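Quick notes on the structure that follows.
Please treat every number below as a calculation from the coordinates, not as lab data. No experiment lies behind these values; they were computed from the predicted model shown. Cβ: placed from backbone, ideal geometry, glycine included. Neighbour counts: every protein chain shown.
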């Protein structure tokens with residue numbers, strides 16, 4: 001068999017049912033596009049972390065300190081090796097003297113003439129950073145203007161000092177280099193920070209020393225000098241990105257992989273159903289060729305060419321659609337995260353997409369070739385005259401396929417709807433207890449004592465509900481050995497006598513991260529001494545904050561460390577704004593976060609975090625919808641003889657339509673109930689796992705709505721399929737048989 005003959009037969013099969021061929025291509029293309037989008041976006045972020053770590057850090061080397069950098073710290077590297085500058089970040093509160101609104105902010109102080117060494121900090125309206133951060137001027141994130149209700153040029157009050165919001169931050173390369181906070185941001189000069197008096201309030205801060213090497217080949221020498229000068233500090237360079245951030249990206253990639261696998265599986269099922277419906281044309285060709293003497297080799301060659309045509313078209317279409325979506329999504333990520341992402345590497349996205357396409361094509365080839373080789377011409381020809389062999393999809397299989405496709409689509413939509421509705425309030429309750437409406441972060445112990453005295457002097461104000469003391473320590477050794485965990489960790493302090501001195505309690509996640517079990521020892525570095533504790537218990541945490549921190553120590557063990565206290569209040573929402581205004585006046589730098597603030601921040605995180613997940617699940621939902629349409633088409637095709645006979649016997653069109661719609665409606669209701677329960681259970685497990693809290697029953701309303709909505713979708717599909725059948729004259733159908 002020549003190549004020309006193979007191409008001619010393949011073209012005949014494709015033209016024999018063009019819409020079914022197009023359906024196979026679209027279903028496979030959706031899977032290829034979803035794989036391409038996810039891999040391309042994650043590759044761009046990972047390349048930014050690993051290959052663009054200079055921009056991520058804003059320098060070649062970074063030293064993290066828990067204090068204000070001193071001039072002698074900047075001289076840790078000689079001038080012949082590197083340039084140096086310092087960045088100070090602290091969490092404070094800002095308010096507008098014009099509107100009275102307040103909001104927590106990350107205050108970042110830099111030297112405008114030196115910062116950053118790599119990357120570009122962009123502001124709007126565009127101007128040099130030295131001009132934007134002139135005396136009594138600051139750059140703010142656009143969200144802060146909305147939170148305070150002020151325009152560009154409005155006043156921002158920090159610790160009683162007023163600054164002009166001269167510009168907004170468009171892109172900040174090292175935004176997440178030190179602090180993981182997603183709060184609003186304010187950028188000012190070091191001179192303005194000194195004028196504000198924030199440092200004299202004792203707030204917890206992060207000081208970063210940035211070094212730009214004059215010769216990149218001296219990196220190891222410079223790092224050795226810094227490690228000798230700052231033995232207890234976190235030191236990072238552009239060859240060693242933050243492992244926690246990379247781990248977070250890998251976790252996100254694993255979560256996305258679940259959606260991609262579902263998308264690929266759904267697309268393959270849709271394609272398999274389409275090919276099954278297409279078997280009458282394709283198998284007729286195979287049977288005729290067998291009668292004419294074609295062997296197994298020729299039949300396999302035809303099946304391979306047919307599958308390659310479908311998979312090739314799907315691959316080209318999916319790659320083109322994926323690239324278009326990526327070109328739209330990456331600028332959106334840059335805008336949301338204020339980062340400058342590099343173009344995504346083509347090879348990883350292309351490789352994984354081609355692998356997905358080849359896998360689906362191989363499975364389809366196996367299915368297609370197995371049927372083609374085993375076809376019996378005489379039995380196939382008798383099929384056109386014997387009713388028992390006419391049904392390509394048995395009624396039971398058609399019903400099961402219909403319910404499965406509808407249930408899968410309903411489960412995914414219910415899952416996404418519940419996550420959209422329930423994840424934000426769940427995060428809000430995880431960060432603030434359900435009974436609390438306001439949280440305050442108090443940095444120094446003296447400030448907390450002043451807060452208690454102020455509340456005692458004002459009995460009309462609410463009382464403190466709960467107090468969570470936490471401390472930041474450096475973990476030096478695990479079981480007497482230095483480990484990769486040689487960095488700063490947060491720890492809860494138990495001061496109620498439930499934890500003995502020298503003991504520690506870990507969450508399962510932290511125990512797994514450190515590779516420890518009950519009885520293991522942890523050595524923490526404190527000012528002037530080393531604290532050794534023994535893990536006495538590994539227990540699950542009830543709140544998200546406790547789970548994220550994951551280490552509990554006795555307060556008596558860390559009494560000489562710098563404590564930070566997080567307190568919560570029960571405040572009527574109507575009185576919260578007035579109470580916050582009084583707090584801002586009495587304690588200008590005290591950070592207070594209301595439930596509405598937490599919900600807004602949580603919603604922003606949820607929206608950004610679920611973006612790629614929505615894309616993957618949308619591809620799955622598209623495949624499920626396509627499966628439903630195909631099954632409806634198959635159902636209509638197989639009902640043509642039955643419908644023709646019933647019409648000859650006197651059944652009216654309306655009666656036949658009602659009968660079909662009842663069948664489809666019942667199938668949709670069953671599928672909606674199944675999908676609703678599966679989606680609600682999956683959403684409950686995900687929310688509980690992520691936030692360690694439960695959600696209100698009202699957020700599970702989509703599970704109840706899934707029954708009527710899925711039934712309505714099935715009825716619409718049945719109406720479209722049956723309507724076409726009823727238009728065909730009975731004699732035409734009987735003559736075809």
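From the gyration tensor of the Cα coordinates in the stretch 438-593, what semi-axes in whole Å does the equivalent ellipsoid have, largest first, with each one equal to sqrt(5λ)?
Taking √(5λ) for each Cα gyration eigenvalue gives 34, 16, 13 Å.
Checking the a/c ratio against 1.5 first, then a/b against b/c, what shape does the Cα gyration tensor give for the stretch 55-237? Verdict is prolate for the stretch 55-237. Where both bridge residues fall in the stretch 55-237, DSSP classifies roughly 80% of the beta bridges as antiparallel. Placing pseudo-labels 7 Å out from each Cα toward the beta carbon at residue 354 and residue 79 gives an inter-label distance of 5.4 nm. Each residue, residue 332 and residue 204, gets one label point 7 Å from its Cα in the Cβ direction; the gap between the two is 3.5 nm. FRET efficiency for the residue 347 to residue 460 pair, using the beta carbon distance and R₀ = 56 Å, is estimated at 0.30.
Computed from the C-beta positions of residue 701 and residue 536 and an R0 of 60 Å, the FRET efficiency is 0.85 to the nearest 0.05. Remark: relative contact order (the stretch 438-593) = 37 percent; criterion is Cα-Cα distance under 8 angstrom and separation of 6 or more residues. Protection proxy ranking, highest mean first, for peptides 408-414, 348-354: 408-414, 348-354, where packing is the per-residue count of other beta-carbon atoms within 10 Å, averaged. Between residue 570 and residue 556, the simple spin-label model (points 7 angstrom out along Cα→Cβ) gives 3.2 nm. Peptide packing: for 111-123, 666-678, 646-658, the average count of neighbouring Cβ atoms within 10 Å per residue gives the ranking 666-678, 111-123, 646-658, highest mean first.
Take 488-495, 60-67, 138-145 and order them by the average number of nearby Cβ atoms within 10 Å per residue, most first; the result is 138-145, 60-67, 488-495.
Summarising the strand pairing of the stretch 438-593, around 85 percent of its internal DSSP beta bridges are antiparallel. Calculated FRET efficiency, residue 131 to residue 161, Cβ-Cβ distance, R0 = 22 Å: about 0.60 to the nearest 0.05.
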